[in-house]
1. Determine by what factor the alpha-carbon radius of gyration of the range B:2-216 differs from 2.2 N^0.38 Å, reporting the quotient.
2. Would you kindly derive the ³J(HN,Hα) couplings of the range B:164-169 from the backbone phi angles with the Karplus curve 6.51 cos²θ - 1.76 cosθ + 1.60 (θ = phi - 60°), listing them in order in whole Hz, with x for Gly and Pro?
3. With loop defined by DSSP as not H, G, I, E or B, and exposure as at most 14 other Cβ atoms within 10 Å, which is the longest segment of chain B clear of exposed trypsin sites (Lys or Arg not before Pro)?
4. Can you list which of the GluC sites (Glu not before Pro) found in the range A:107-178 are DSSP loop residues with at most 15 other C-beta atoms within 10 Å?
5. Filter the chymotrypsin sites (Phe, Trp or Tyr not before Pro) in the range B:5-112 to those in DSSP coil with at most 16 other Cβ atoms within 10 Å of their Cβ, and list the result.
6. What's the center-to-center distance, using Cα atoms, between the range B:1-70 and the range A:311-341 in Å?
7. As a check on your grasp of the helix formula, calculate [θ] at 222 nm for chain B: sum -39500 (n - 2.57) over DSSP H runs of n ≥ 4, divide by the residue count, round to the nearest 500.
8. Which trypsin sites (Lys or Arg not before Pro) from the range A:375-454 combine a DSSP loop assignment with at most 11 other Cβ atoms within 10 Å?
Amino acid sequence: MALLSKEASLALVQQVHRLIGMKNGVAPHDAPRPRPQRNAPRPGAERFDVIVVGAGPAGSAAALVAARAGLKVLLLERGEYPGAKNVSGAAFYGSAILHDLIPNWWEQAPVERYLTRRVLAFMTAETSVAIDFRTTRFAEPPYNGFSILRPKFDRWFADQAVAAGAFLLNAAVVDEVLWEDDQVVGVRVRRDEGDLRADVVIACDGANSFLAKNAGLQREFHAHEMSLGVKEVLALDEAIIRERFHLHDNDGLAIEYIGAITEEVSGGGFLYTNRDSLSLGVIGQISSLAEHKRRPYELLETFKRHPAVAPLVRGGRVREYSAHIIPEAGWNMLPKLYTGGMLVAGDAAALCFVAGLYLEGINYAIQSGIAAGETAVAAHQERDFSARSLARYVERLRARHVITDFANYRHAPALVNSPRLQNLYPEIIAAGAEQVFRVNGGPKRKLLPIALEALRRAQVSPVHVLQDALQAGRSFGW
Amino acid sequence: MRIAVCLKQVPDPATVEVDPLTAALDTRRMLYIAGPADTAALELALRLAGPTGQVSALCVGPPAADAVLRMALAVGATEVRRLWVPPFLSLQAPAQTALLLAAGLQRATIPDLVLCGARSSDQGSGQAPALLAEFLDWPVVCDVTQIAMEGDRVRVQRRLDRGAREELEVRLPAVLAVEANLARLRHASLPGLMRAERASVPVSHLEDLGLEPADLAFPTASVRAVTPPRPRTRPIFTPDSTRPAHERITQIITAGVTRKSGKVLEGPPAQMADAVVEFLRERGFV
């Protein structure tokens, strides 16, 4: 179950701190690592066409595509069931993508609410200024996004792969990939006689992928490239949720918060409405958490006490509490996506799109899973599993706009995590808005002087503002 | 040697969620496993049977209980069977389970020994093994903490109250209900796990067992209503009425908490020894 006590999450944080080394919050990743020993599978290991490691959205999508093409597919999951190890509440903005794979999937899948309202809120300690987007066009099939509870959703999605003919094996932890002549030919499961052979291994084992590193495709990460998310699911009556968030029947909303809610730590907050619960949490850059010696759950408490958030969560009872690592650096973290006999997809390939305006991952996971599945199918048709054949995975990712999105927004993560954007600009926006709306008998001032004065008071040089504006333009504008 | 093991599917305690609003159990995410006493019984059966022996596992339960039997197959059970009743019958009493198990055992080759968990981790009445022995007309030993085979007899140790143990010798066939801490189930090998995943679990229904619905008509408790548990009452401190008023007030203010105070004795050794003895006698230690 994806449930962590506060003690457990504290232990996780400490472990993360230890892993990354507190020295400047930077991992000693540049030191050359000894190449792990490469083992070959033992004789008599069972053979599959494709082995997918990890039954999350990427893994189930890959297994589904490969199984539909008639391949002998094994889907390995370390939990007791797919989704058991997952952090529960999530927003899923890939409805149309999944619709292509499973038509009208929302009619059978366990979804919570379709998201018709998106809010981006800039916060200071007392103030919040929000952009509130709402459209009924997102309330029509195939919809735009849904709030989902991952343990239910992942289980359903894996069942679709099983229905297509994939063989799902739970409680199977993969310890290493197996090699023959620089070609991945299988995996070793942590059980007696645990060797398995496959022509193609697809690693979908999540953020900080053990498999990608084991195969030498991914480097160790910098602490500033990873974020730690802590999340709570709060139970709240369905009627109260509808009233409180101004929703119709199954409408839902997603709020993203930028600014003071994470105090001096780089990060943000989010809140999604489920059917009869709220998912909310904060995300903090690990290096920044370490630098300021803050515990993520303290930030979560601060977040919940914020005057703009407290009335939204009032009366909610904690049903779950959990923590998870999120790869944040986008383009700069992408591993080598393939090698002979192996592909990497989903969070394992760091395909998590965190760029202020966007906080997406499941859609890219499914896209890359489909691309990996299709690549495996094509490789089987040609009986060629070399790196050269599997390289077409990258073309498929490009055709699905995955690679291109990450390339276009490659400057965004650094900008979003910069201290000025994290705290200063939200403060200036809030202070400016206050000036505009406050009536105290003084003269009404126009916007430009207010903005300039706010900047002056914050002691920001116009050069920096120009730099940031350019950077923002480069990140989001063109 | 042929050994049969009776397994019961119980909720995995790690997946039991209590709804904070209604205090009801949230069954939607509950996973079912075999309880610790049952897995101990299964492990013992595998050890006693050895590589050439036959271990069959039985479970009374709905289709979801197949998972428990697959687990048994994965670790090395040679045969499994699930027993189930039509939906209009609700199984409440341990006697119903025991009757189904007895019928299931009698339909197949009679085993030399039946092992059960001493009590399930959900209801935990511990009645099923004894009732099963009654229906089979076999000897039964409950709360077993040790087993040693001696030909057609088995030497067992049984747990009694207050740490006492009883040694017994039983002639086979017999039913033994073993304690949870007796053995820890082995890990399944990967081929074992895959074989079990692919196996189909045979099911016996009432007619296969030669039973009628009326046979299961034991008097049972029926659930009329479920109410959330009442919050625990907190005892309110009452001061000692024999003490003077100001002391009683002090007791109330301090909520009965008195600080531990020590007493330092001084004087010649003999006098101090007398004081210690007197202190102990006052409190009834000597």
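The values are calculated or read from the model by the stated rules, or taken from the named source; none is laboratory data. Model, not experiment: these values are computed from the prediction. Cβ coordinates were reconstructed from backbone atoms using ideal geometry, including for glycine residues, and neighbour counts include every protein chain displayed. Each accessible area value is taken on the protein alone, full model and side chains, heavy atoms only, with ligands, DNA and RNA left out. Shrake-Rupley method; radii C 1.70, N 1.55, O 1.52, S 1.80 Å.
1. On the way: Rg = 17.0 Å, N = 215, 2.2 N^0.38 = 16.9 Å.
Compactness ratio reported: 1.00.
2. For the range B:164-169, the Karplus curve yields 6, 10, 10, 9, 9, 10 Hz.
3. On the way: sites that count: B:28, B:184, B:224, B:232, B:259, B:260, B:263, B:283.
The longest uninterrupted stretch comes out as B:29-183.
4. On the way: sites: A:107, A:112, A:126, A:176; in loops: A:112, A:126.
Of the GluC sites (Glu not before Pro), the ones in loops of the range A:107-178 whose Cβ has at most 15 other Cβ atoms within 10 Å are A:126.
5. On the way: sites: B:32, B:84, B:88; in loops: B:84, B:88.
Qualifying residues, ordered by number: B:88.
6. 34
7. Working: 7 runs with 79 residues, N = 286.
Calculated at 222 nm, the ellipticity per residue is -8500 deg cm²/dmol.
8. Numbers: sites: A:383, A:388, A:392, A:396, A:398, A:400, A:410, A:420, A:438, A:444, A:445, A:446; in loops: A:383, A:400, A:410, A:438, A:444, A:445, A:446.
Passing sites in the range A:375-454 are A:383, A:438, A:444, A:445, A:446.
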